[in-house]
Amino acid sequence: MVNHPPKGATITVGDISIAVTVAELPIDTLRYYPSNPRIYSILKQRGSDVSQAIIERELWNLDSTKDLYRDILKNRGLVEEILVRDAVVLEGNSRLCAYRHLLQSAKQKDDGDGIGRWSKIRAKILPSDATEESVFAILGILHIRGKAKWLPYEQASYLHRQSVEFRKGVPELAEQIGISKADVKNHIDAYKMMEEANVTDLSRFSYFLEYVKSRKLKEAAELMPPGRDLDTVFVGLVESGQIPKAENVRDDLPVILMDKKARKKFLDEKASFDEALEIARDRHPETSSSFYRILKRATVALNNGEPMRVKQEVEEDRGKKYILTNLRKAVNGFRRDVGLQGDPDGGKKRSG
């Protein structure tokens, strides 16, 4: 028997409101949804001809599904209904898998109460004419903006498919899902790069995401030797496991590639990642020390300053003059304390 929710109960997607009904559905009448991004990411390497049995087996292999199994058993049912259209479980495939294993366990124990409890599952039912585009929009809102977040690769797969299959632009996706345009673009770019390189280890997605986000690596790409493309080199480094962690892509790979000596030794495989990083940090202490990083930034700011403009500013603004005067005193005092006496340029005068 179908239980109708209170009048006006709907699921809203953008400007569209879709009426839903709520029912207890027999689990043996329901099918898994291969296009759900979680299932899609699991099965994409198997090709398009994937049976329901394979989907169920792969879902049950996930630790998250077994955790869900235990939570449902403890709570004696669902906290949140699954979402169904035409007997296909659009959202809640892991819950359906857990229910089927709970029913199987009850049958093995000849537990009549358990068999009755786990034979049916509570569901929100979309009308048959709900479009695939609307379904995907609902899933994105639930699993990117909502609490039950997909893994980063699953989010990227979803965003890429939205952009390709439904021709959604970055600004539209960002507004629809409620995340920044930069996040949408970075996820799509990382997904495309990983796909084009045919990298099948989904746990490596975070490496690619850090790579496309890094402005420093874009600068380092210009320093690569002739015939060495950084994108290609990076894929090889990820696949060979030469970069220990994804955060090393963000924090350390640019340090290596921006230093000529460290870059050459690393690319020529004469130094490991850690050895090359040590070389670069020895030659550029500002990369590992916030103190020297601040000093280098101050040095760059002074070298790039406009003396005539600053001269006029300090003549007109006592506060700015005070800052420069104090800087001179601090530098001279610190040089004296650390034993750097005499002229900072070793007696050499800068030319014009």
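The values are calculated or read from the model by the stated rules, or taken from the named source; none is laboratory data. Every value quoted in this text rests on a predicted model; they were computed, and no experiment measured them. Cβ: placed from backbone, ideal geometry, glycine included. Neighbour counts: every protein chain shown.
Descriptive notes on the structure:
- For segment 171-184, filtering for residues that are in contact (Cβ under 8 Å) with a residue 12 or more places away in the chain and either under 21 Å from L43 (Cα atoms) or surrounded by 18 or more Cβ atoms within 10 Å (Cβ to Cβ) (or both) leaves 4.
- Hits in segment 161-186 - residues which are aliphatic (A, V, I, L, M) and either in contact with a strand residue (DSSP E or B) (Cβ under 6 Å, 6 or more places away or on another chain) or farther than 17 Å from R145 by Cβ (or both): V164
For every residue, the table says whether it meets (1) surrounded by fewer than 21 Cβ atoms within 10 Å (Cβ to Cβ); (2) out of contact with any Asp or Glu (no Cβ under 6 Å at 6 or more places or on another chain).
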position: Q108; (1), (2): yes, yes
position: D111; (1), (2): yes, yes
position: G114; (1), (2): yes, yes
position: R117; (1), (2): yes, yes
position: K120; (1), (2): yes, no
position: P127; (1), (2): yes, yes
position: S134; (1), (2): yes, yes
position: A137; (1), (2): no, yes
position: R145; (1), (2): yes, yes
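- Subset of segment 27-50 [loosely packed, with under 11 Cβ neighbours inside 10 Å, at negative phi and assigned to a loop (DSSP other than H, G, I, E, B)]: S48, D49
- Top-ranked residue in segment 54-92 [being small (G, A, S) and surrounded by fewer than 17 Cβ atoms within 10 Å (Cβ to Cβ); ranked as nearest to E133 (Cα to Cα)]: A87
- Taking segment 71-144 as the region of interest, the strands (runs of 3 or more DSSP E) fully inside it that hold 1 or more residues being assigned by TED's automatic domain parsing to the domain that holds R57 and within 29 Å of the chain's Cα centre (by Cα) are 82-85, 88-91.
- T287 meets all of the listed conditions (1) modelled with pLDDT under 75; (2) out of contact with any helix residue (DSSP H, G or I) (no Cβ under 6 Å at 6 or more places or on another chain) but one, namely (2).
- Selection of first residues in segment 215-238 that are of a type outside the set (F, W, Y) and of second residues that are in a loop (DSSP other than H, G, I, E, B) and crowded, with 16+ Cβ neighbours inside 10 Å, restricted to Cβ pairs under 6 Å at least 6 apart or on distinct chains, gives the following pairs, ordered by first then second residue: L230/M224; V235/A197; L237/I243.
- Every residue from segment 225-259 that is out of contact with any helix residue (DSSP H, G or I) (no Cβ under 9 Å at 6 or more places or on another chain) and more than 23 Å from Y191 (Cβ to Cβ): P226, G227
Listed here are the residues, each with its yes/no results for (1) closer than 23 Å to R117 by Cα; (2) touching a residue at least 60 places away in the same chain (Cβ under 8 Å); (3) in contact with a helix residue (DSSP H, G or I) (Cβ under 6 Å, 6 or more places away or on another chain).
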site	(1), (2), (3)
P34	no, no, no
P37	no, yes, yes
V50	no, no, yes
A53	yes, no, no
S64	yes, no, no
Y69	yes, no, yes
L73	yes, no, no
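Yes/no matrix, rows are residues, columns are (1) modelled with pLDDT of 95 or more; (2) among the β-branched types (V, I, T); (3) part of a loop (DSSP other than H, G, I, E, B); (4) buried (at least 18 other Cβ atoms within 10 Å of the Cβ):
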residue	(1), (2), (3), (4)
S203	no, no, no, no
Y207	yes, no, no, yes
E210	yes, no, no, yes
L217	yes, no, no, yes
P225	no, no, yes, no
D231	yes, no, no, no
V235	yes, yes, no, yes
R250	no, no, no, yes
